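Notes to accompany the following structure.
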Amino acid sequence: MISRTKRKNGHANVEQSFDTLVDDFETLKGDVGKLIHSVGRSAVDDVRNSAGTAVRDAVRTRPIGALALAAGVGAVVGALLLRE
């Protein structure tokens, strides 16, 4: 009789611990998602700022090269759009 009582109480404790663990994992999942979103947004902003600065610097230092690149990209896009 004593062993059955211990088993039932132990089972209840395991279920309670499992429920607590599931809740903790749900909270952790939300926190990690927020962290990844925050870090990702920051990284995108950093890349956007550095890329914009690099393009501006390249156009200022080599304007003819930038013009040739833009014309080349325009020709490729035009050729793709005119294909049948």
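What follows draws every value from the coordinates through simple rules; no lab data is involved. Just so it is clear, the structure is predicted and the values come from calculations on it, not from any experiment. Cβ atoms come from the backbone with ideal geometry, glycine included; neighbour counts cover every protein chain shown.
A few notes on this one:
- Our helix-only sum for the chain, with -39,500 (n - 2.57) per DSSP H run of n ≥ 4 divided by its residues, gives a mean residue ellipticity at 222 nm of -35000 deg cm²/dmol.
- Once the Cα atoms are used to define both axes, helix 2-61 deviates from the longest principal axis of the chain by about 10 degrees.
- Region 2-82: C-alpha gyration tensor shape, a/c 1.5 cut-off, then a/b vs b/c: prolate
- For Leu82 and Asp31, a Förster radius of 41 Å and the Cβ-Cβ distance give a FRET efficiency of 0.20, rounded to the nearest 0.05.
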